[in-house]
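Q: One structure is given below, represented as structure tokens, and several questions about it will come after.
The values are calculated or read from the model by the stated rules, or taken from the named source; none is laboratory data. These numbers come from a predicted model, not from an experiment. So basically every Cβ, Gly included, is an ideal-geometry build from the backbone, and we count neighbours across all protein chains shown.
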Amino acid sequence: MAKKRTLITGGAGFLGSHLCDRFIKEGHHVIAMDNLITGDLRNIEHLFKHPDFEFYHHDVSKFVHVPGELDYILHFASPASPIDYLKIPIQTLKVGSLGTHNLLGLARAKKARLIIASTSEVYGDPTVHPQPEEYYGNVNTVGPRGVYDEAKRFQEAMTMAYHTYHGLETRIVRIFNTYGPRMRLNDGRVLPAFIGQALRGEDLTIFGDGSQTRSFCYVDDLVEGIYRLLMSDYAQPVNIGNPDEITIKDFAEEIVKLTGTKQKIVYHPLPKDDPKQRQPNITKAKELLKWTPKVSRAEGLKITYDYFKSLPQEVLFQRDHKDFEGYKK
Ligand code: UDP
């Protein structure tokens with residue numbers, strides 16, 4: 001049987017790079033594409049020597065050309081942290097909308113199956129808890145998260161339209177908070193923020209009173225769920241995440257224990273539209289994909305902490321988007 005050829009957009013990012021590893025391991029020829037605004041070549045440099053790995057430096061918001069056949073497309077290109085949306089809102093909107101349109105067109109031309117990375121952010125600040133796929137969400141279209149949330153909601157709508165109108169094979173994964181090695185240390189998300197602060201000897205910054213909740217999934221579990229969904233025949237959205245919910249205050253205390261930091265926990269104002277609670281209902285994934293998360297937070301955090309500890313000092317102190325003015329397109 002011919003080798004499967006798989007395009008992974010956002011391939012140099014946190015999730016994208018883990019997906020590249022997984023599809024290489026499954027014996028696919030993998031083409032990673034990334035414009036490197038939030039991705040990092042260090043995440044995939046170990047793959048460059050592999051004969052079945054290629055990298056294209058390209059922005060998928062512009063026309064996407066890939067020579068040869070494609071069997072699968074995984075659209076994982078997007079800024080994915082609230083600080084990124086504030087800093088690069090237009091690119092966030094473009095990659096979810098124009099980028100998705102380009103990849104849907106590519107999937108049609110190549111007769112490939114496409115999976116898009118959607119998000120728990122489509123539920124906004126949810127009034128239903130835990131969140132099942134049937135919940136329509138509570139999103140502020142013009143708030144700071146609107147650029148991400150609405151791009152992802154549009155992405156789902158457009159993907160479903162290509163599925164129903166063109167008969168394209170599509171999959172939609174709604175990803176809840178995920179963590180693990182290769183997260184960007186300074187992207188502002190809570191886990192790298194807390195661990196980075198502990199490693200630099202800074203105080204840990206809780207936004208609000210820390211009573212808001214999140215449910216954190218270890219990256220290997222997420223990748224397994226995505227793989228199973230892609231290989232299934234189910235075109236409706238599926239939540240993938242770990243339902244083990246925790247308040248941000250308790251999470252900060254876990255990080256204090258894990259890192260042994262002597263720094264204080266300090267409180268900052270809660271950002272606008274910060275969801276008060278979030279937990280995936282994963283009944284669908286369990287039933288359809290026979291999938292459940294396997295890695296506990298204690299195990300996953302240990303691996304992630306070891307990764308962050310191993311990073312060079314200059315990465316630890318690097319500030320992202322230094323030249324962010326240049327991104328204003
Ligand atoms: N948060 C925090 N301190 C930080 C960064 C984030 O308390 O230094 C909070 C943030 O307000 C949110 C939660 O942690 O309630 C998760 O934030 P993150 O940016 O990781 O992702 P979100 O789930 O909000 O998209």
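Q: Kindly indicate which of 159, 141 is assigned to a loop (DSSP other than H, G, I, E, B) and among the hydroxyl-bearing types (Ser, Thr, Tyr). Walk me through it before giving the result.
A: On the way: 159 fails: assigned to a loop (DSSP other than H, G, I, E, B).
It is 141.
Q: Residue 104 passes all but one of (1) within 16 Å of the ligand (Cβ to nearest atom); (2) touching a residue at least 40 places away in the same chain (Cβ under 8 Å); which number fails?
A: Answer for residue 104: the failing condition is (1).
Q: Scan 272, 257 and give me the residue that is of a type in the set (Lys, Arg) and in contact with a Pro (Cβ under 7 Å, 6 or more places away or on another chain). Please lay out each step first, then the result.
A: Values: 257 fails: in contact with a Pro (Cβ under 7 Å, 6 or more places away or on another chain).
Being of a type in the set (Lys, Arg) and in contact with a Pro (Cβ under 7 Å, 6 or more places away or on another chain) holds for just one of 272, 257, which is 272.
Q: Filter the stretch 96-126 for residues that are surrounded by fewer than 18 Cβ atoms within 10 Å (Cβ to Cβ) and outside any helix (DSSP H, G or I) and give the result.
A: Matches in the stretch 96-126: 111 only.
Q: I've got another one for you. Would you confirm whether or not the stretch 28-43 contains a residue that is at pLDDT 95 or above and touching a Cys at 6+ places or on another chain (Cβ under 7 Å)?
A: yes
Q: Hand me the list of strands (runs of 3 or more DSSP E) wholly inside the stretch 171-279 holding 2 or more residues that are more than 13 Å from the ligand (Cβ to nearest atom) and either of a type in the set (Ser, Thr, Tyr) or surrounded by fewer than 22 Cβ atoms within 10 Å (Cβ to Cβ) (or both).
A: Details: elements: 204-207, 213-215, 237-240, 245-247, 265-268.
Qualifying strands (runs of 3 or more DSSP E): none found.
Q: Within the bounds of the stretch 60-74, is there any residue that is within 17 Å of the chain's Cα centre (by Cα), outside any helix (DSSP H, G or I) and not hydrophobic (A, V, I, L, M, F, W, C)? Even if it seems obvious, please write down each step before you answer.
A: Within the stretch 60-74, the first condition is being within 17 Å of the chain's Cα centre (by Cα), and the residues that meet it are 60, 73-74.
Adding the requirement that they be outside any helix (DSSP H, G or I) leaves 60, 73-74.
Subsequent filtering for residues that are not hydrophobic (A, V, I, L, M, F, W, C) retains none.
Checking the stretch 60-74: not a single residue is within 17 Å of the chain's Cα centre (by Cα), outside any helix (DSSP H, G or I) and not hydrophobic (A, V, I, L, M, F, W, C).
Q: Is it the case, given these coordinates, that residue 164 is within 22 Å of residue 285 (Cβ to Cβ), among the hydroxyl-bearing types (Ser, Thr, Tyr) and away from the ligand (no atom under 16 Å from the Cβ)? Steps first, answer last, please.
A: Numbers: within 22 Å of residue 285 (Cβ to Cβ): no; among the hydroxyl-bearing types (Ser, Thr, Tyr): yes; away from the ligand (no atom under 16 Å from the Cβ): yes.
So residue 164 does not fit the description; no.
Q: Taking interchain pairs and intrachain pairs at least six residues apart, which have beta carbon atoms under 9 angstrom, with the first residue in the stretch 140-155 and closer than 23 Å to residue 102 by Cα and the second crowded, with 20+ Cβ neighbours inside 10 Å and charged (D, E, K, R)?
A: Once the first residue is closer than 23 Å to residue 102 by Cα and sits in the stretch 140-155, its partners that are crowded, with 20+ Cβ neighbours inside 10 Å and charged (D, E, K, R) give 148/84; 148/121; 149/121; 151/94; 152/121; 152/174; 153/121.
Q: Consider residue 84 carefully, then state whether it is under 26 Å from residue 184 (Cα atoms), out of contact with any Leu (no Cβ under 8 Å at 6 or more places or on another chain), modelled with pLDDT under 95 and of a type outside the set (A, V, I, L, M, F, W, C).
A: So residue 84 fits the description; yes.
Q: Would you please list the contacts, defined by Cβ atoms under 7 Å and residues six or more apart or on different chains, that run from a residue in the stretch 196-223 that is at positive phi to a residue that is at pLDDT 95 or above and outside any helix (DSSP H, G or I)?
A: So the pair list comes out as 201/263; 208/270; 208/274; 210/247.
Q: Still on this model: Using beta carbons and a limit of 7 Å, which pairs, at least six apart or on different chains, have the first residue in the stretch 38-52 and closer than 14 Å to residue 16 by Cβ and the second one of a type in the set (Gly, Ala, Ser) and part of a helix (DSSP H, G or I)?
A: 39/16; 43/17; 44/17
Q: Residue pairs, Cβ under 9 Å, 6 or more apart or interchain, first in the stretch 70-96 and away from the ligand (no atom under 16 Å from the Cβ), second among the aromatic types (Phe, Trp, Tyr) and assigned to a strand (DSSP E or B). List them.
A: Nothing qualifies.
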